[in-house]
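A quick write-up on the structure given underneath.
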Amino acid sequence: MRRAALLLPCLLISVLCYSPTLHAQSSAPSATIGFDLPLHSGSDSQLSSYWDLPSGASIYGSFPFYIGEMELRATWAPMRAREISQPDLNNLLTTIGWGVPVQITRRFRMGVSIHIGNSFMYRPEHGFLENPESEFTAGFVSYLQISLTKRIALRASARATRIYTYHRMDLVHGKLGLSYAFRTPTWLHRFVQ
Amino acid sequence: MSKQRLIYRIVFFRFRSVLVNKRVLVPVLALTIGLLNPLYGHNSGKEFPEVPHLSTLADFVSAETGLSFKYLTVYFSSDTTNTSSYKAFQTILTREEIQAASVSRLHELFLLMDHWNGYTINGQDWNTEANGSFILNNTNWSVTIDGHPIQQTLPGWVSFNHLPVSLNQIEKVIITEAPGIYRGTFTRGGAIHILTRKNPNGDSQDLGWDARVRMMTANEINDPGPYAYTPLNSPNEERLGPDIDLSTSYTTDRGYLQASGSVMRHRTTDTPIEQRVKQMLFLGDRQFASPTSKKHAFHLAGGHQIGSGDLSIRTGGTHHSEIAFLRPYGRDLPIQFRHTYAGIQWAQPLTETLRFQGSGTWNRVDPGQRANREGAGFNFSRNNRILRGALLFSGKDRQVETGGQVEWINTETWNRSWQFSQRQTSVYGRWIESAGPLTVTAEAHLAVAEGETAPSFTLRTDWHPTSQHQVTAWFSHSLAPDWISPDYWFWRDNGYPGISGLDSPVAAFPERKPATLSSAGTEWNLTPSGSFQLTTRGSIWRQSNLFLARRQFQIVRPEQWFSHSGTTFHTDQESTRGQISLRLRFTSLPGLTHTLFGSLSRVFSATDERRRALQETEARTATLRTNWEPVAGFRIWSHLRFQAERTWHEFDSVNGELYQDQQQLTTNHYHNQTGPLTQLDAGGSKRFWNDRLTLDLILRNILNQPYQLHPVGVNHELTFFIQMEVQL
């Protein structure tokens, strides 16, 4: 995992190199917005000995990006202290990800992606060391999506995120949510291209 | 275009012996596979594709130790590119190259200068050299912005981030890497010329308004995060930015006007050092110095064509507070720095072949260190006024330039307890004669001050035997009296002012002989096509009559103050250094460009103290830069660097041991070391909104290998940058 950050650009380069193959599998040029809620949240043993990750939510938007699609995501992942000597913390993860969706059948779609971003941690209440802190994050996502209607889909995803604090924080989320697909607006298409 | 192909087979690397270290092998293989996948994937088992320029084929062979990359076979078309536009010992960085590499601070331009080497302590200020020439001998190169000379910004140290120009204003950087006369001044290590964009789209003829905003912020990993509330707390790490550049310009067909402002912030210290800075720089009444350095700058420039002449001006100012300044006190003494300047230039054609250039420049630099609790500190200012005039004759096969320059320098402490004024007068001449494929350049420069003269001369030949080859050789000799380095006066007369230890500093300095430098270099450049370039270069530098001062320090607790406890002087020191280098640039698939560079430096001979002061191992450097633009508007790049160990002493080490993280706070030695370094940077940029918005994501020091350069130096850890530029 320590070299995960190195492998990200290499993976990006490698996958992009197979553009003719992947391009045929890429999705139709549609954008998506959605939200999801964690069914399960876990962390490494060190972090979980101090804090619980009880709940949280994500909103995201994705759009076609040459090969595959780009995703912008904001995740609120509060951390509840196990002991009174530690404060509760709010953790806002903002990430940018890139992945390749694959349409398995007309209704089923799956994908894998990588993401990097920032973890913004702050105390919701005043107290000792209340300055917020930001840290680099990187991780992997895989998801399975089932179309409920032409535009609405149910998406189950598993996200593994590493926050690069001195003592690494590894977060794992199993999530379920809804997404809404729409044709990429002309202005967005022009903006990206 | 001719379809005839040449085949070059180049033995590239045998990784088995070099990359036995698993830590190196894994990322290198990962990167190599990543880079070569398109070649392998497209070409494996197929006939070689028809591509317009150059293609590559990776030949993987198995070896006992696993995968070994043995040969790189390079095919390229025979379309030739005349090398007459290429100039030896020169590097040109265009705006496109700078943007493609996602440069986020000015000092990162050095990373694109293959033949330059250097080190940084705090990540902001770099001491650099070209071709292995001068490290540890102050800065021997000069900087101009649109032709206006810019003074060194700190005593003996050029902080590139202090240069009065915004990053998003730069159109081109021309780096000359050999001794010579540049804008009337003889510089022993070359010169860096920064040219700003004069209209919205550079060289195009678009006129009118242009406004741009650039923002950058970055963060090092390894912060304590939530563990700050636990027994697992760790020191804080550095934050860079936000840096903001605002620039605007208005261009007509006869003139232009530019204005720009910059803000740069750099949080340089971790928690323990932050506390120490607060203790040292107690300002009274519960006021403390900030551990965050802040730079504010404003620049104004313009030009107009009047008749057949061209007039240009440039003025501005910079204020930078709480700079973590290394020399000579150690990193931990923030200083504040002001720089104001103004320049005017006039170029007037006199006849079809004769031209006059005149310029006047005024620079004032005010570095100062805040007083500590004991009231000790230093402040001084330096004024430079330069008047220069030159006549240039340009014939068919001959160019002649002659000119003169007068420089008035006034240096004083702010309380005027010490003052030094001087006038330096210099004349120079340059003769360039072309005869067929051969061009000979002779330059001579004579400077006079303090009753002493400093002659310098350079002889250079450029030979183009064919359109694909260029061979260049030069020889240079120069004399460097003390007054060549004005900062020396300050240190000579004041020792380390404000710090106890030198009661009679002036008397303590021995007489010095003028230092001399003899140097020679040669370069062969092969450019068989527009997508392939091979450059080999060698240079040798002989320095004599060098003066070294070795200083001992102790740390005073509880303020953790470096206290000067003695100095030993060494005169008549000398050394001979040499460097060879090879650079290969080629384009494989369209849009995929690689630059491979390697250099080797060696100290051939040196006196004992000189060798001790320059405790370098044989410096070995290898870099691989790759830039790929698979589609217009989207780029990804990587920069892999290997560098052998480089060590040196700023001050005597008390016990001779290397310091480790935070030990500097409690032990009494100061020893610097870089490497052995294996560093990988990578990033990508995407242009949006019809190229009006550019977004960069950058990862530096991906291998997260500490430099061992300074325990809290920037880029000590993996750093994540976000940069955005908007054209309004």
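We did not get these values from a lab; they are worked out from the coordinates using the rules stated. Bear in mind that the values here come from a model prediction, so they are computed numbers and not experimental data. FYI the Cβ positions are ideal-geometry reconstructions off the backbone, even for glycines, and counts take in every protein chain you see.
Work out from phi, with θ = phi - 60° and the Karplus expression 6.51 cos²θ - 1.76 cosθ + 1.60, the ³J(HN,Hα) of each residue of the range B:254-266, listed in order in whole Hz, and give x for Gly and Pro.
Residue by residue, the range B:254-266 yields 10, x, 8, 9, 10, 9, 8, x, 9, 10, 9, 10, 8 Hz.
Which whole-Hz couplings ³J(HN,Hα) result when phi for each residue of the range B:629-644 is put into the Karplus expression 6.51 cos²θ - 1.76 cosθ + 1.60, θ = phi - 60°, listed in order with x for Gly and Pro?
Couplings: 10, x, 9, 4, x, 10, 10, 10, 8, 9, 9, 10, 10, 10, 9, 6 Hz.
So for B:T576, B:T185, fewest C-beta neighbours within 10 Å to most, what's the order?
In increasing order of surrounding Cβ atoms, one gets B:T576, B:T185.
How compact and how long is the range A:40-108, expressed as Rg and Dmax of its alpha-carbon atoms in Å?
16.7, 53
Just want the ordering: B:W637, A:W187, from fewest to most Cβ atoms lying within 10 Å of their own Cβ.
Ranked by crowding around the Cβ, least crowded first: A:W187, B:W637.
Could you list which residues have their amide H under 5 Å from that of B:N236, counting only those 5 or more apart in sequence or on another chain, with H placed in the peptide plane?
B:T271
Cut-off is 10 Å between beta-carbons; in what order do A:I104, B:I698 appear when sorted fewest neighbours first?
Going from sparsest to densest Cβ surroundings: A:I104, B:I698.
Please report Rg (one decimal) and Dmax (integer) in Å for the Cα set of the range A:107-193.
Reported Rg and Dmax, both Å: 17.6, 51.
Show the residues, 5+ positions off or on another chain, whose built amide H is closer than 5 Å to the amide H of B:D223.
A:Y166
Using modelled amide H (1.01 Å from N, peptide plane; none on Pro or chain starts), what sits under 5 Å from the amide H of B:L703, excluding residues fewer than 5 places away?
So B:L703 has HN proximity to B:L680.
With θ set to phi - 60° and the Karplus curve 6.51 cos²θ - 1.76 cosθ + 1.60, what are the ³J(HN,Hα) couplings of the range A:62-79 in order, to the nearest whole Hz, using x for Gly and Pro?
Couplings: 9, 8, x, 9, 6, 9, x, 9, 9, 10, 10, 9, 10, 10, 9, 10, x, 10 Hz.
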